[in-house]
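Remarks on the structure that follows.
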Amino acid sequence: MPCFLAGQQKDSSGGEWKIIAQHKEKIEKRIIATGTVEVHYNKMKLFADRVELDTETKDVLAEGNVVIQMPDEVLNCKEIHFNLDSSQGQLRDVFAMLQPSIFYEAESIERKSEDFYTLDRAKITSCTQPVPRWRFSCSKANLKKDDYIEMWNSVFRIKKIPVFYFPYMRYPLDRERSTGFLMPQLGHAERKGFFLSESFYWTILRNMDATFTLDYYSRRGLGSGMEYRYLFSEGVGGDIQVFYFRFKDNPEFNDPDSAYIIRFNHNQPLPFRFKLVADVDYQSSFDFLREFDNNFQRAVVANRRSQIYLSRAWSSFNFNVRASRFETYFREKDDSIVRNYLPQVGFSASKMKILSPLYFSFTSSFNRWEYGWESDYEKEKQKKSQSLNFVPALTVPFSSIPWITVNSSFSYNLNYYFQSYASGTNTVVDDPLFTRNYALNVSFTGPVFYKTFYGDDNTPKLKHIIEPVLSYLYESPIDNSERIIAATYFYREHYIRYGLTNRFIVKKNNMPREIFSLSLSQTFYLAPEEGPLRIYKIDGKTPEFSDIEGYLRFYPSGTHSLDFSAAFNPYHKELSRLRAGINLGRPTDPYFLRLSWYKGINPYIENALLKRHQIGFHGGFRIPRWSLEGQAEVDFNIEKKELLYSGFSLIYHYQCLDFNADVRIFYFREKPEVQFRISLGLGNIGKTTDFLGGMGF
């Protein structure tokens, strides 16, 4: 079958074009080609059954099995009115592929520019199956290449089943940050009913973005949150989180009118090399956080904090100013311990060499503080004071002998208290008090013993080091110490501390690396009646020996580790503290496990509030062959023999879809609650932010 080649030509704009067809007819400036027509223009190719081309304006009318090939896009349609230069035109009954993996079809498309189209009655997906795993259908859409597709009246379908309706939906095409709605999360909780979470992500600028979240609980109310993140030049950055919850009227619950959360972090260098740090974590209701926060560690610890910190370091000196407020709520007492510093000012100098080996340093500060239960604040009975102190120190290190190290220091403590207790009473009076005393500290490390173990090739494989440690600290007595106002009680140190450390070191990449260490230590108080154990008694006497403390650290690799520490009380013959942590792998590995075990009591006081003994683990797995991954977290109260929290999550990767389901059981709440939640992942669309925390599933 003969073909006609309209020879390659250049137009007035410099664009090169040619037409290949079975038949062609030229009428003035128009070329009419039929029968397997090909139009080549610069980097574009057009195939059709019939083509009309205006060689002057470059307007094209193509009909029948029309295909347009461009470097990053292929379009198939029945008819097209198109301009080769501007790429503007109308397309009808279109099916197209946009690189790398977006497929869309529409009844009609208007190409308004080379990279911006308007679609009518469109369907969009990134799946390649004949019946896509998922797709959006909408009445209207705007497509901006390499940026986004925004849709109106869109319906999200899995296979042919409609799942969600979105009045407006924005699907990102850029794999970098993109503005748009995230995929919603659906769930049900026993006390909260059905809930829906939806987030909108806004890429404001390259250095800042924001996420807006809406949480609806059918039985409890409506919450809205915002997180704004920013990063500027010279290290200025931070984030702001705000969440507000409005409870609905429900006689079943005694809910307040509303609750809110504010979290703020900010870092900023200032002129003259100053640095500013601000940190706020405030919630209006600890009960709200306990009932609604999905982060177990945060929900069971009721803390508020707010502080602003200004500092500057230069040469050997450091200056800092801090104003802060810390609050810890105790549910059993329905009261909080509150500590305020308004302000703390510090100025110090690290070791400055005077004469070898003599070094000089000092610390100085001004402190204005308040401390007490919140109920004491309401009655204006909290403890409060302000003081000035200056502590110069001389230090003499000694390391001339390789197997022993000695550090000696002498300091003089000068303190001025603006208020004090009246003699023999607990009445605070505006009677200044000036105190002074000195401290002597000597510490020995050694004599150090070691042994090196060699392999079959006579190269060193392992080095075992034994380090005895001994230190002595003496603080001279202070006149009128009973008049000093302290947050809890005032004591002075006079003790001998001794211990033994074992270290095992291997060579890795020609560098020494400590893989195992074991240490034991204890303190003997030479003046126990004035020391930190003065408030405790054993048979009417103040304890002289502290707990025996030990720790074990094992780091065989960068992804596996064991940390264990414990304290044993020699008087009550029981463990007063135990802490263990095991890490196996990373969350990105095929499997990982994190185990934490903690026990803490005060053996001198029979108080259930001071006892804590619990264990928890967080683990996960990935099975690429099955397209499956999961995580789990469990926390158990050993003291009360009851579960506190458990959570399980499973993700199934189904080609271009990710199914995420998790269940969480909150045993620690006033009424234990089971919560189910499901969500979907669609490639470039992320999952809605869980503002109220969680396990990071």
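Considering the range 191-245 alone, what residues qualify as being under 19 Å from Phe288 (Cα atoms) and among the basic types (Lys, Arg)? Listed by number, the residues that qualify are Arg191, Lys192, Arg219, Arg220.
If we keep just the residues of the range 583-622 that are among the β-branched types (Val, Ile, Thr) and in a loop (DSSP other than H, G, I, E, B), which is farthest from Lys573 (Cα to Cα)? Among those that are among the β-branched types (Val, Ile, Thr) and in a loop (DSSP other than H, G, I, E, B), it is Thr588.
Just one of the listed residues (Tyr216, Tyr260, Tyr230) is in contact with a Leu (Cβ under 6 Å, 6 or more places away or on another chain), aromatic (Phe, Trp, Tyr) and surrounded by 15 or more Cβ atoms within 10 Å (Cβ to Cβ), and it is Tyr216. Taking first residues from the range 532-549 that are more than 16 Å from Phe568 (Cβ to Cβ) and partners that are of a type in the set (S, T, N, Q) and crowded, with 16+ Cβ neighbours inside 10 Å, the Cβ contacts under 6 Å between residues at least 6 apart in sequence or on separate chains come to Arg534/Thr542. Looking across the range 353-393 at every residue that is surrounded by 14 or more Cβ atoms within 10 Å (Cβ to Cβ) and of a type in the set (A, V, I, L, M), the one that is farthest from Leu414 (Cα to Cα) is identified as Ala393.
For the range 175-214, the set of residues classified as under 18 Å from Phe676 (Cα atoms), among the charged types (D, E, K, R) and under 21 Å from the mean Cα position of the chain (by Cα) consists of Glu198 only.
Residue-level check: of (1) touching a Lys or Arg at 6+ places or on another chain (Cβ under 9 Å); (2) modelled with pLDDT under 90; (3) among the charged types (D, E, K, R), Lys508 misses just (1). Limited to the range 304-318, what total is found for residues that are of a type outside the set (Lys, Arg), over 22 Å from Arg339 (Cα atoms) and in contact with a strand residue (DSSP E or B) (Cβ under 7 Å, 6 or more places away or on another chain)? So the count comes out to 3.
Among the residues of the range 296-318, those identified as charged (D, E, K, R) and surrounded by 16 or more Cβ atoms within 10 Å (Cβ to Cβ) are Arg298, Arg304.
I'd like to know if the range 449-460 contains one or more residues that are modelled with pLDDT of 90 or more, surrounded by 14 or more Cβ atoms within 10 Å (Cβ to Cβ) and either in contact with a Leu (Cβ under 8 Å, 6 or more places away or on another chain) or closer than 25 Å to Gly372 by Cα (or both). Checked against the condition, which is being modelled with pLDDT of 90 or more, surrounded by 14 or more Cβ atoms within 10 Å (Cβ to Cβ) and either in contact with a Leu (Cβ under 8 Å, 6 or more places away or on another chain) or closer than 25 Å to Gly372 by Cα (or both), the range 449-460 yields no hits at all.
A search for C-beta distances below 6 Å between a residue of the range 443-462 that is over 30 Å from Ser400 (Cβ atoms) and among the polar types (S, T, N, Q) and any residue that is in a loop (DSSP other than H, G, I, E, B) and modelled with pLDDT of 85 or more, counting only pairs 6+ apart in sequence or on different chains, returns nothing.
Yes or no, residue by residue, for (1) more than 30 Å from Gly600 (Cβ to Cβ); (2) modelled with pLDDT of 85 or more:
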| position | (1), (2) |
| --- | --- |
| Gly619 | no, yes |
| Arg625 | yes, yes |
| Ala632 | no, yes |
| Phe636 | no, yes |
| Lys641 | no, yes |
| Ile651 | yes, yes |
| Leu657 | yes, no |
| Val663 | yes, yes |
| Tyr667 | no, yes |
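Results for (1) farther than 20 Å from Tyr489 by Cβ; (2) without any contact (Cβ under 8 Å) to a residue 24 or more places away in the chain; (3) under 30 Å from the mean Cα position of the chain (by Cα), shown as yes or no for each residue.
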| position | (1), (2), (3) |
| --- | --- |
| Val321 | yes, no, yes |
| Phe326 | no, yes, yes |
| Val338 | no, no, yes |
| Met352 | yes, no, no |
| Asn367 | no, no, no |
| Glu380 | yes, yes, no |
| Asn413 | no, no, no |
| Gln419 | no, no, no |
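Residues in the range 629-646 that are in a strand (DSSP E or B) and out of contact with any strand residue (DSSP E or B) (no Cβ under 6 Å at 6 or more places or on another chain): 1 in all.
Is at least one residue of the range 94-102 of a type in the set (Gly, Ala, Ser) and within 36 Å of the chain's Cα centre (by Cα)? Scanning the range 94-102 turns up at least one residue that is of a type in the set (Gly, Ala, Ser) and within 36 Å of the chain's Cα centre (by Cα). Before we move on, is Ser197 crowded, with 18+ Cβ neighbours inside 10 Å, more than 28 Å from Arg111 (Cβ to Cβ), at pLDDT 90 or above and of a type outside the set (A, V, I, L, M, F, W, C)? So Ser197 passes the test. For the range 474-491, filtering for residues that are buried (at least 16 other Cβ atoms within 10 Å of the Cβ) and more than 46 Å from the chain's Cα centre (by Cα) leaves 1. The condition of being in contact with a Leu (Cβ under 8 Å, 6 or more places away or on another chain), within 17 Å of Ala278 (Cα to Cα) and crowded, with 16+ Cβ neighbours inside 10 Å holds for Val321.
For the range 105-137, a residue qualifies if it is over 24 Å from Asn83 (Cα atoms), assigned to a strand (DSSP E or B) and free of Cβ contacts under 8 Å to residues at least 60 places away in the same chain, and the qualifying residues are Lys123, Ile124, Arg135, Phe136, Ser137. For residues in the range 454-478 being in contact with a Lys or Arg (Cβ under 9 Å, 6 or more places away or on another chain) and of a type in the set (Asp, Glu), which is farthest from Asp431 (Cα to Cα)? Checked the range 454-478; the qualifying residue farthest from Asp431 (Cα to Cα) is Glu467.
The values are calculated or read from the model by the stated rules, or taken from the named source; none is laboratory data. None of these values were measured; they are calculated from a predicted model. Note that each Cβ is placed from the backbone with ideal geometry, even for glycine, and that neighbours are counted across all protein chains shown.
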